[in-house]
Protein chains: 2
Amino acid sequence: MKLIKSIFAASALLTAASGMAHADETADSAKALIEKAQASTLGWDLVESLTTEIGPRLAGSDAEARARNWAVAKLTELGFTNVHIEEFELEGWRRGEISLHVGDPYPQRLVATALGGSIGTPVGGIEASIVRFETVKALKDAKIGSLKGKIAFVDEIMTRTQRGSGYGVAVQKRSSGPSLAAERGAVALLIRSAGTDYQRNAHTGGLRYDDAQPRIPAAALSNNDADQLARLLALKGDITLNLSMSSKRIGKVTSGNVVADVVGSEYPDEIVLLGAHLDSWDEGTGAIDDGTGVAIVTAAAKLVADQEQPKRTIRIVLFGSEEPGLIGAKAYLEAHRDTLDKIIMVSESDFGPGQVWRMDTGIAKADEAKADAILQVLRPLGVLPGDRTASGGSDVSVLSSAGVPAISMGQNGWDYFDLHHTPNDTLDKIDPEDLAQNIAVYAAFALMVANTEGGFHAPEKNTD
Amino acid sequence: MKLIKSIFAASALLTAASGMAHADETADSAKALIEKAQASTLGWDLVESLTTEIGPRLAGSDAEARARNWAVAKLTELGFTNVHIEEFELEGWRRGEISLHVGDPYPQRLVATALGGSIGTPVGGIEASIVRFETVKALKDAKIGSLKGKIAFVDEIMTRTQRGSGYGVAVQKRSSGPSLAAERGAVALLIRSAGTDYQRNAHTGGLRYDDAQPRIPAAALSNNDADQLARLLALKGDITLNLSMSSKRIGKVTSGNVVADVVGSEYPDEIVLLGAHLDSWDEGTGAIDDGTGVAIVTAAAKLVADQEQPKRTIRIVLFGSEEPGLIGAKAYLEAHRDTLDKIIMVSESDFGPGQVWRMDTGIAKADEAKADAILQVLRPLGVLPGDRTASGGSDVSVLSSAGVPAISMGQNGWDYFDLHHTPNDTLDKIDPEDLAQNIAVYAAFALMVANTEGGFHAPEKNTD
């Protein structure tokens with residue numbers, strides 16, 4: 001037994017040594033990629049082209065279809081394999097126009113924007129008095145029926161944080177606020193934007209109507225205008241507003257995901273999936289959300305392909321219709337459910353162009369040493385170890401929830417919610433050096449994952 | 001003769017000594033005012049009230065009339081004397097709506113705003129191709145008739161400077177651009193905003209039609225959108241735009257200046273005139289332009305009155321209709337032309353809330369020592385000596401041009417043109433400490449000028 005054990009041990013040691021040699025080689029290749037990424041302008045060129053030539057790309061719109069064609073042309077031109085569109089349908093929506101005016105004795109216009117998916121008002125608008133709530137919790141605590149004929153105003157502020165954790169709290173008023181207000185009898189909902197800036201831009205974003213409640217129009221005020229309305233309410237408790245919105249749902253429309261591969265040499269059917277989303281809200285040009293993500297994962301995969309063929313396939317998925325609720329991701333899951341076990345890693349770039357400063361994992365404990373080997377290569381780029389709760393990012397969280405291993409590259413989001421979902425999400429907000437750091441991270445990461453001996457596995461359930 | 005000269009000299013010395021004692025006393029009083037100003041919230045309360053309760057105050061609008069009533073009520077409540085409105089008429093204008101779209105193959109909306117005073121387009125808009133000029137000089141150099149049927153686009157950038165001197169150059173395209181373009185055959189003019197920000201807000205501001213040329217619609221693009229349009233033109237020389245504007249001139253409307261005095265004890269008919277303007281463009285709430293000015297001069301005069309009666313009268317003039325071209329100032333000049341010689345000093349606060357960092361004079365050389373005595377009191381507030389070319393400020397330059405002495409309190413305008421004439425000109429942009437420094441400067445200045453022995457005189461012609 002001892003002998004056999006020893007042979008086993010020696011064999012394991014040999015394999016490990018060979019694995020380590022492999023790993024060292026891959027690490028060196030990854031370091032070379034990092035240098036190339038920092039010298040390349042490909043990422044910038046891609047995001048400039050997308051945001052200039054297509055501009056805003058609302059889910060299910062003609063512009064989003066043009067963006068898919070743009071992506072297919074670019075990915076083909078860059079030499080990707082298997083470039084194609086996977087179409088799906090969703091409920092379409094159009095923003096229309098909005099006007100919001102304060103009534104006497106303080107007549108003035110306020111800056112607001114419709115929430116994505118909101119119905120419009122009757123022609124001529126809704127005129128009603130305002131009831132203000134400091135938090136969405138306070139709205140929840142209001143009695144059913146207590147807002148009959150009123151406009152509810154949820155004035156909850158968003159807290160600025162590096163990781164964007166203030167958003168999860170702030171977004172409650174936007175997603176669940178409309179139906180909570182309707183359930184209490186309100187005829188419309190206004191919210192303080194889920195955003196951290198004071199540049200007089202209102203932040204749009206999707207709402208979620210509860211089928212059990214009547215649908216009411218819902219809009220976001222800029223932070224400046226939310227302050228103004230709060231001051232007016234402090235002067236005079238009974239403030240009347242006229243809200244007019246021509247937003248509407250337009251029935252079934254077509255969207256799609258764009259897929260492209262760098263085919264692997266040894267395990268071509270095993271997939272390292274890098275995600276981003278092609279659609280954007282319709283008021284900015286979708287530069288930071290998510291033109292940067294499109295540029296980052298595309299440029300990273302192209303840099304790998306130009307240097308060497310990875311052992312596994314690196315797949316780019318540019319999801320459609322992320323903004324209305326991960327519609328493209330859900331379609332991808334359905335279409336690829338039978339081969340999910342072939343996806344050994346997902347990671348998405350969808351948090352702007354801020355530098356990657358931490359790496360979080362959503363993998364088996366046994367694979368943590370492999371992840372750490374990747375982290376060691378990324379350390380000179382300023383990447384810190386993170387936690388073990390990664391979903392991989394917005395769209396791909398649908399895949400990691402279904403049992404696919406994930407790693408999240410945590411970006412500095414300090415300024416992200418100044419711009420997110422506003423007209424002000426434009427190309428000029430991207431720092432080319434930050435963009436290059438992201439591409440360096442993703443290129444090195446993609447190659448190392450693709451070449452990692454034994455691959456990665458999903459986290460054990462109920463751990464941590 | 002020698003004896004007589006000596007007696008004269010002794011007498012002059014005595015007078016000077018008595019003047020110096022006076023001056024010392026006034027300087028001490030001014031220093032006490034500075035302390036009080038820094039502890040007072042009156043200025044903040046005024047600008048908060050004006051921008052919240054009235055909001056935007058377009059020249060000749062109902063809102064501007066409400067602002068006059070607001071001012072009369074506030075000034076009366078604060079104990080000013082002789083509070084009244086001096087009405088005048090002007091050509092009214094309404095902004096209406098604007099939409100600007102790029103044609104195929106890059107269909108997208110651009111953010112733009114009508115220039116103040118512009119005519120509208122025909123219903124359905126103007127569809128025409130664009131000709132870009134890097135500077136207004138290049139537009140001037142274009143041949144008469146060479147822009148027939150085109151939209152001219154003057155893409156000249158504005159340079160950021162502490163004193164705002166970039167504005168004088170940048171504003172040329174806005175004021176003279178429309179008629180230069182029309183003279184060359186253009187059907188409309190677009191300009192890059194005369195502004196320094198990238199917050200996706202277009203900067204409005206008055207244009208000036210030359211009566212010899214046809215009037216054409218004119219609008220400003222945000223800097224972000226000017227960049228976008230320039231990039232599109234680089235991709236494809238022939239870009240078509242659709243511009244639709246419902247702006248219109250609406251005939252004679254009423255505006256007015258609001259006047260209020262702190263009556264002097266010794267020379268009540270001699271006036272130290274502190275100016276600001278009540279009107280604002282209609283998209284922001286006119287906080288930095290010029291709610292701060294209204295607050296600064298009002299609070300400064302009130303602080304003086306609360307402490308002591310000045311020897312001369314300190315007069316506040318809150319001008320109407322500054323934005324369309326100093327209309328209120330010209331009306332004031334006409335109404336008070338017979339008593340101009342009684343105004344011994346004008347100074348206006350109309351450059352936002354940035355701290356005062358220099359003092360420029362527009363006075364007789366013989367009075368410079370008196371101005372220096374004032375400067376010495378302001379030095380601990382960070383005020384530097386300036387030059388001798390002061391006009392006193394926007395409206396009051398009409399008075400100094402007519403021979404009234406002036407001193408300008410130069411403010412830090414580094415950020416001013418990020419906000420100026422945009423929707424983003426809102427209360428939150430004002431730093432209360434900066435505001436208090438301005439009020440301290442104006443309070444000390446007003447008292448010292450009011451009490452200065454012998455007063456101030458206009459600069460000699462053709463000096464410097």
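Rule-based calculations on the coordinates, nothing more; no lab input. Remember, predicted model here, so these are calculated numbers, not experimental data. All Cβ positions, glycine included, derive from the backbone under ideal geometry; neighbour counts span all protein chains shown.
Annotations
- For chain B, the normalised intensity computed at q = 0.05, 0.06 Å⁻¹ comes to -0.21, -0.29 (log10 of I(q)/I(0), Debye sum over alpha carbons, equal scatterers, no solvent).
- When B:Val111, B:Val441 are arranged by Cβ crowding within 10 Å, least crowded first, meaning fewest neighbours, the order is B:Val111, B:Val441.
- Exposure proxy order (Cβ contacts within 10 Å, fewest to most) of B:Val123, A:Val383, B:Val187: B:Val123, B:Val187, A:Val383
- Options A:Val259, A:Thr426, A:Leu221, ranked by Cα towards positive dipole end of chain A, top entry (Cβ charges): A:Leu221
- Teacher prompt: A:Glu334 distances to equivalent labels in other copies, 7 Å Cα→Cβ, nm: 7.2
- Alpha-carbon Debye profile of the protein assembly as shown, log10 I(q)/I(0) at 0.05, 0.06 Å⁻¹: -0.37, -0.51
- Euclidean distance between Cα centres, segment A:320-373 to segment B:331-347, Å: 72 Å
- Taking amide H atoms as placed 1.01 Å from N in the peptide plane, the amide H of A:Met158 lies under 5 Å from those of A:Gly195, each 5 or more residues away in sequence or on another chain.
- Taken residue by residue and averaged, Cβ atoms of other chains lying within 10 Å of the Cβ of A:200-209 number 2.
- With its label point defined 7 Å out from Cα along the Cα-to-Cβ axis, A:Glu134 lies at 5.7 nm from the matching points of the other copies, in increasing order.
- Nearby aspartates and glutamates by direct alpha-carbon distance to A:Lys248 (threshold 13 angstrom, same-chain neighbours under 8 apart not counted): A:Glu91, A:Glu97
- All lysines inside 28 Å of B:Lys236 as judged from Cα atoms, apart from same-chain residues fewer than 8 positions distant: A:Lys74, A:Lys302, A:Lys429, B:Lys137, B:Lys140, B:Lys143, B:Lys148, B:Lys150, B:Lys173
- Residue closest to axis [chain A; rotation mapping onto B; Cβ; Å]: A:Gln199, 2
- Peptides A:29-42, B:425-438 ordered by average Cβ neighbours within 10 Å, highest first: B:425-438, A:29-42
- Taking only Cα atoms of segment B:368-445, radius of gyration then Dmax in Å: 14.5, 43
- Average beta carbon contacts from partner chains per residue of B:420-430, 10 Å cutoff: 4
- Selection among A:Tyr332, A:Val171, B:Val123 by position relative to the dipole of the protein assembly as shown gives B:Val123 as farthest towards the positive end (Cβ unit charges, Cα centre).
- Each residue of segment A:118-134 was assigned a 3J(HN,Hα) from its phi angle through the Karplus expression (A = 6.51, B = -1.76, C = 1.60, θ = phi - 60°), giving 5, 6, x, 8, x, 4, x, x, 10, 10, 7, 8, 9, 10, 9, 10, 6 Hz with x at Gly and Pro.
- Taking only alpha carbon atoms, segment A:96-246 gives an Rg to Rh ratio of 0.93, where Rh is the Kirkwood radius.
- The HN-Hα couplings worked out from phi for segment B:339-348 by the Karplus form 6.51 cos²θ - 1.76 cosθ + 1.60 (θ = phi - 60°) are 10, 4, 5, 7, 8, 8, 6, 10, 7, 10 Hz, whole numbers, x standing for Gly and Pro.
- For chain A: relative contact order, % (alpha-carbon pairs under 8 angstrom, 6 or more apart): 22 percent
- Set of lysines with alpha-carbon distance to A:Lys342 below 17 Å, sequence-local pairs under 8 removed: A:Lys311
- The same position B:Gly145 in the other copies lies at 7.9 nm from this copy, comparing label points 7 Å beyond Cα toward the beta-carbon, shortest first.
- Among B:Thr298, A:Thr159, B:Thr292, sorting on how many other beta-carbon atoms sit within 10 Å of each Cβ, with the fewest leading, yields A:Thr159, B:Thr298, B:Thr292.
- Cα centroid separation, segment A:24-58 to segment A:206-221: 39 Å.
- Inter-centroid distance (Cα atoms) of segment A:409-464 relative to segment B:92-168, Å: 39 Å
- Under the Karplus curve 6.51 cos²θ - 1.76 cosθ + 1.60, θ = phi - 60°, whole-Hz ³J(HN,Hα) for segment A:405-419, x wherever Gly or Pro sits: x, 9, 10, 10, 8, x, 9, 6, x, 3, 9, 4, 7, 6, 10
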